[in-house]
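Contents: one structure, followed by commentary.
The values are calculated or read from the model by the stated rules, or taken from the named source; none is laboratory data. Values in this document were obtained by computation on a predicted structure and should not be read as measured data. Virtual Cβ from ideal backbone geometry, glycine too; neighbours counted across all protein chains shown.
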Amino acid sequence: MLFIQDQSGSYLPAPKDAVLIEARRLNSHQLRRGVFIRSPDMAKLAISAKLSGNECEMFACLFLDSKHRVLAWVEMFRGSVNSATVHPREVVKEAL
């Protein structure tokens, strides 16, 4: 459970939205440049936290180097509530 200190110095349970904001902030460090992705599960956790909370579909790419270190996280396409149009040529251009 996450607690927040108020102005009087008392600790109170954090509201759900504050917990989610803090979780996203902490998780964003997992996808910064140079971080080593040790396993598919680690990538899945980092990506799922990054994508959670979106109100629309999004197509994003996690680019890694040959040693499985993060080069970039790029949000490429946004769509409607249930679909996103993806153009493969744009993905290839970004990768190159």
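Tabulated data for the structure shown
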| quantity | calculated |
| --- | --- |
| Residues (among the hydrophobic types (A, V, I, L, M, F, W, C) and under 20 Å from Met42 (Cβ atoms)) located in the stretch 52-66 | Ala60, Cys61, Leu62, Phe63, Leu64 |
| Candidate set from the stretch 64-86 (those that are loosely packed, with under 13 Cβ neighbours inside 10 Å and closer than 26 Å to Ile21 by Cβ); member that is modelled with the lowest pLDDT | Val81 |
| Unmet criterion (only one of (1) loosely packed, with under 11 Cβ neighbours inside 10 Å; (2) part of a helix (DSSP H, G or I)) for Leu12 | (2) |
| Residue that is modelled with the lowest pLDDT, among those in the stretch 30-55 that are out of contact with any strand residue (DSSP E or B) (no Cβ under 6 Å at 6 or more places or on another chain), loosely packed, with under 15 Cβ neighbours inside 10 Å and among the hydrophobic types (A, V, I, L, M, F, W, C) | Leu51 |
| Among (1) in contact with a Leu (Cβ under 8 Å, 6 or more places away or on another chain); (2) surrounded by 11 or more Cβ atoms within 10 Å (Cβ to Cβ) - the single one Asp6 does not satisfy | (2) |
| Conditions (1) under 21 Å from Leu26 (Cα atoms); (2) touching a Cys at 6+ places or on another chain (Cβ under 7 Å): number failed by Gly79 | (1) |
| Every residue from the stretch 15-39 that is part of a loop (DSSP other than H, G, I, E, B) and either out of contact with any helix residue (DSSP H, G or I) (no Cβ under 6 Å at 6 or more places or on another chain) or free of Cβ contacts under 8 Å to residues at least 24 places away in the same chain (or both) | Pro15, Arg32, Arg33, Gly34, Val35, Arg38, Ser39 |
| Check on Phe59, closer than 25 Å to Ala84 by Cα, in contact (Cβ under 8 Å) with a residue 24 or more places away in the chain and over 10 Å from the mean Cα position of the chain (by Cα) | yes |
